[in-house]
Each structure stands twice: as structure tokens, then as C-alpha cells.
1. Determine, from the Cβ-Cβ distance of Ala3 and Ala39 and an R0 of 35 Å, the FRET efficiency 1/(1 + (r/R0)^6), rounded to the nearest 0.05.
2. Can you compute the charge dipole magnitude of the chain about its Cα centre, using +1 on each Lys and Arg Cβ and -1 on each Asp and Glu Cβ, nothing else charged? Give it in debye, rounded to the nearest 20.
3. Could you give the length gained by full extension between Thr21 and Ala51, i.e. 0.36 nm per residue of separation minus their alpha carbon distance, to one decimal place?
4. Take the stretch 7-62, compute every pairwise Cα distance, and split them into 5 Å bins from 0; I just need the percent in each bin.
5. Note down the nm distance, to one decimal, between modelled labels 7 Å out along Cα→Cβ at Tyr109 and at Tyr64.
6. Averaged per residue, what accessible surface does the chain expose to a 1.4 Å probe, in Å²?
7. Between Asp13 and Ile81, what is the FRET efficiency for a Förster distance of 25 Å, r being their Cβ-Cβ separation, to the nearest 0.05?
8. Under 14 Å Cα to Cα from Lys107, which aspartates and glutamates show up? Leave out anything in the same chain fewer than 8 places away.
Amino acid sequence: YVAPNIDLSSLKDAKVWKKYTGTFKTKPTATKPLTWTLAGALPSGFTFNRAKGKITGTGTTESYGSYPLIIQASNPASTDIQSFTFNVSADIPKITLSSLPKGTDGKNYKAVIKATGTSTLKLICLTV
């Protein structure tokens, strides 16, 4: 049997409002059967598949943050345990206000505000 040695280098951060799949791997590839155990609480919107060693889900604004977790991989040869931080981050939009037209008191006002650098931006509301 090849003992498991968990490699966390392929596990990426999750993004708010984007589907996420993160699969734990071992280097070298450990002999199966391999059992995965996750200790700690994943943020809302995410689940762990113990048989596949996989975190999946879609984060919301409530999921944003860092979550300390412990992953364990076991087979008949040995067990490896690693601590890591699961991060759910958000893209930061760049808002351009280069040419907003002047408003007039007592009149409705409409202007387009452009935001780039994110696919997670849902709505910009401007109140003057």
C-alpha cells in the first residue's frame, strides 16, 4: 500500500456567487480504498463528499470569509492529517464615474454607472 500524503496545492479559493468544486489529492497517489474526513464547519452553500474527497457548492455573501478546517485521508497503510483554511472571497469591482451628467433639482435623474472586473456584481443602486 502507498500511504496517503495530502497535497493541498490544487485547492483554490471559492468565490461568492460562483459554482465551486475543490478536490483533495494525494502525492504520490495513495492506494485505494481511500477515506476522506473533514473536521470543522464549511460555510453555508458548501458540502463535502467523503467518498470522493470533494468540496462543492456556491457561496453567498453570507459565506464570505475564512474557515479553518482539518482534512484527513486514510487507507489501510496509514493516515495523513492536514489543517488548512477554506476561503470564500469576492471579486472587487472597479466602478467608473467618468462622465455623469448634471442633475436638475426636482427632476428624475438617470445615469449609467459601469463596473468591471467582476461577474458577481448584481446591482448598483445610486441615491442622490
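1. Step by step, r from the Cβ atoms, then E = 0.95.
2. Approximately 480 debye in magnitude.
3. Gain on stretching Thr21 to Ala51: 9.4 nm.
4. 4, 18, 27, 25, 14, 8, 3, 1
5. With each label placed 7 Å out from Cα toward Cβ, I get 2.5 nm.
6. 68 Å²
7. E(calc), rounded to 0.05, equals 0.70.
8. none
The values are calculated or read from the model by the stated rules, or taken from the named source; none is laboratory data. No experiment lies behind these values; they were computed from the predicted model shown. Virtual Cβ from ideal backbone geometry, glycine too; neighbours counted across all protein chains shown. Ligands, DNA and RNA are excluded from the accessible area calculation, which covers all protein heavy atoms including side chains. Shrake-Rupley method; radii C 1.70, N 1.55, O 1.52, S 1.80 Å.
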